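Trainee: Supplied in structure tokens, the structure appears directly below.
The values are calculated or read from the model by the stated rules, or taken from the named source; none is laboratory data. Everything numeric in this text was worked out from a predicted model, so none of it was measured. Cβ atoms come from the backbone with ideal geometry, glycine included; neighbour counts cover every protein chain shown.
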């Protein structure tokens, strides 16, 4: 087959037939677009559509000039795609409760309402109604945290990495901080404890070995330039086998003997005992304070079950130093975070965290209830000809909490000729469905499906899985 050069005369004729942007703007479809998206974006989209058509003609891929309606419709499609939000809700069928990539903890209805109420108007973020003068944003969650943890003081910032950075910068800059080699963790997104310590201006002093660190290792490392002892919760990994490290209480005693603070990056923000639900014990914030930690840093959006936040609780004098440090303003929590956090903390104070906070509701959900729901879903899918069955499975907590432990669950397994294609189609639904593929089947774990998403989920499965 020979390659023929494009017909130059025909190409020029087709190019001349392309309308101008002004001509397209006068069409009724373009007028509607301007009303919806404004004139500048509409013009940009029309130029993009015309340029695409021009390129097709020049490359010989088009044998005729598109009609005006086609050009405008192409512009509309491009513009809708350009403006479509990249942050959108999804249905989490993975069984990972605190799924970092899917936004971690879903919020309670009360937390969502508090955020909406605060967002739609003005608020008392930094205004004292009693005095009529400027107030402090730290008060909105502080008393709730003090009541819950029995700490002397508290401070909320925008995430736990910021909490650790502020703690080290304000208390340890220019001095040494002792930490076990077994705790120099890296968690999701490349967050590394050594990097945060370096950024704070504190000098890292590693003690012990990867698998074993003794109390004497810490004691030998203390010098006149030591500012603190830091303990970092292992978070998303375990050291098993021949391993050991001092208890938090032992380190607190050692630190206090040398008039040093013990700083504890607890991480997960657990306020409830996880063992009644078949999970291993996760250290709680209260455990850290009871053991003698002077400051405890933790997340608001992991096992606490609230919005993204970093929380510090502990001694009044130390928290006051953090509040006064210039970095505190750079990492402070905003009004929406504080509103959602306060509502979430209230669930714990009113003893309804297990029923109101989605993360804990999922953790505490009985296996029999999950199994019954999985059976119902499978039966409905089978009625329309989808090969669905219920199988045993495991759910995980995720979010860097309780590594290596899981909860028994019952999963809906869909047999499909092309499970990867099914997964792709489900991700393209109006509300994307995220599941997992195992042993050639597409799996959905009911544990992490929110109640108001069930019907949407089932309809999406029918739309995509019918063969």
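Trainee: So which residues in segment 438-467 are part of a strand (DSSP E or B) and surrounded by 15 or more Cβ atoms within 10 Å (Cβ to Cβ), if there are any at all? Quick ask: steps written out before the conclusion?
Mentor: Initial filter on segment 438-467 (part of a strand (DSSP E or B)): 438, 441-444.
If the condition is that a residue be part of a strand (DSSP E or B) and surrounded by 15 or more Cβ atoms within 10 Å (Cβ to Cβ), then 441, 442, 443, 444 are the ones that fit.
Trainee: Looking only at segment 126-147, filter to residues that are under 24 Å from the mean Cα position of the chain (by Cα) and part of a helix (DSSP H, G or I); which one of those is nearest to residue 286 (Cα to Cα)?
Mentor: 145
Trainee: From 414, 386, grab the single residue that is in contact with a helix residue (DSSP H, G or I) (Cβ under 6 Å, 6 or more places away or on another chain), in contact (Cβ under 8 Å) with a residue 40 or more places away in the chain, part of a loop (DSSP other than H, G, I, E, B) and not assigned by TED's automatic domain parsing to the domain that holds residue 299.
Mentor: Numbers: 414 fails: part of a loop (DSSP other than H, G, I, E, B).
Among 414, 386, only 386 is in contact with a helix residue (DSSP H, G or I) (Cβ under 6 Å, 6 or more places away or on another chain), in contact (Cβ under 8 Å) with a residue 40 or more places away in the chain, part of a loop (DSSP other than H, G, I, E, B) and not assigned by TED's automatic domain parsing to the domain that holds residue 299.
Trainee: Might you let me know whether segment 264-284 holds any residue that is in contact with a strand residue (DSSP E or B) (Cβ under 8 Å, 6 or more places away or on another chain), part of a helix (DSSP H, G or I), modelled with pLDDT of 95 or more and surrounded by fewer than 22 Cβ atoms within 10 Å (Cβ to Cβ)?
Mentor: no
Trainee: Looking for something part of a helix (DSSP H, G or I) and buried (at least 18 other Cβ atoms within 10 Å of the Cβ) - is there at least one such residue anywhere in segment 55-67? Full working, then the answer.
Mentor: Applying the first criterion (part of a helix (DSSP H, G or I)) to segment 55-67 yields 55-58.
When the remaining residues are screened for being buried (at least 18 other Cβ atoms within 10 Å of the Cβ), the result is 57.
Yes, some residue in segment 55-67 is part of a helix (DSSP H, G or I) and buried (at least 18 other Cβ atoms within 10 Å of the Cβ).
Trainee: Which numbered condition in (1) more than 43 Å from the chain's Cα centre (by Cα); (2) without any contact (Cβ under 8 Å) to a residue 40 or more places away in the chain; (3) assigned to a loop (DSSP other than H, G, I, E, B) is the only one that residue 19 fails?
Mentor: For residue 19, the failing item is (2).
Trainee: Got a sec? Which of 441, 394 is in contact with a helix residue (DSSP H, G or I) (Cβ under 9 Å, 6 or more places away or on another chain) and either modelled with pLDDT under 95 or outside the structural domain of residue 279 (by TED's automatic domain parsing) (or both)?
Mentor: On the way: 394 fails: in contact with a helix residue (DSSP H, G or I) (Cβ under 9 Å, 6 or more places away or on another chain).
Just a single option satisfies the conditions, and that option is 441.
Trainee: OK, next. Tell me, please, whether a residue that is in the same structural domain as residue 318 (by TED's automatic domain parsing), at positive phi and buried (at least 19 other Cβ atoms within 10 Å of the Cβ) can be found in segment 141-152.
Mentor: Step one: list which residues in segment 141-152 are in the same structural domain as residue 318 (by TED's automatic domain parsing), which gives 141-152.
When the remaining residues are screened for being at positive phi, the result is 150.
Checking the rest, the ones that are also buried (at least 19 other Cβ atoms within 10 Å of the Cβ) come to none.
Looking for residues that are in the same structural domain as residue 318 (by TED's automatic domain parsing), at positive phi and buried (at least 19 other Cβ atoms within 10 Å of the Cβ), one finds none in segment 141-152, hence no.
Trainee: Let me ask something else about it. Considering (1) surrounded by fewer than 21 Cβ atoms within 10 Å (Cβ to Cβ); (2) within 16 Å of residue 448 (Cα to Cα), say which one residue 385 fails and leave the rest.
Mentor: (2) is the only condition that residue 385 fails.
Trainee: Looking at segment 342-362 only, could you name the residues that are assigned to a loop (DSSP other than H, G, I, E, B) and surrounded by fewer than 24 Cβ atoms within 10 Å (Cβ to Cβ)?
Mentor: 350, 351, 352
Trainee: Of everything in segment 285-296, what is surrounded by 21 or more Cβ atoms within 10 Å (Cβ to Cβ) and either free of Cβ contacts under 8 Å to residues at least 12 places away in the same chain or closer than 30 Å to residue 394 by Cα (or both)? Give them in sequence order. It would help to see each step written out before you state the result.
Mentor: Applying the first criterion (surrounded by 21 or more Cβ atoms within 10 Å (Cβ to Cβ)) to segment 285-296 yields 285, 288-289, 293-296.
Of everything in segment 285-296, those that are surrounded by 21 or more Cβ atoms within 10 Å (Cβ to Cβ) and either free of Cβ contacts under 8 Å to residues at least 12 places away in the same chain or closer than 30 Å to residue 394 by Cα (or both) turn out to be 285, 288.
Trainee: Let me ask something else about it. Conditions first: (1) out of contact with any strand residue (DSSP E or B) (no Cβ under 7 Å at 6 or more places or on another chain); (2) assigned to a loop (DSSP other than H, G, I, E, B). Residue 431 passes all but one, so which condition is the exception?
Mentor: Unmet condition: (1).
Trainee: OK, next. What's the number of the condition residue 256 fails, among (1) touching a residue at least 60 places away in the same chain (Cβ under 8 Å); (2) part of a helix (DSSP H, G or I)?
Mentor: Here residue 256 clears every test but (1).
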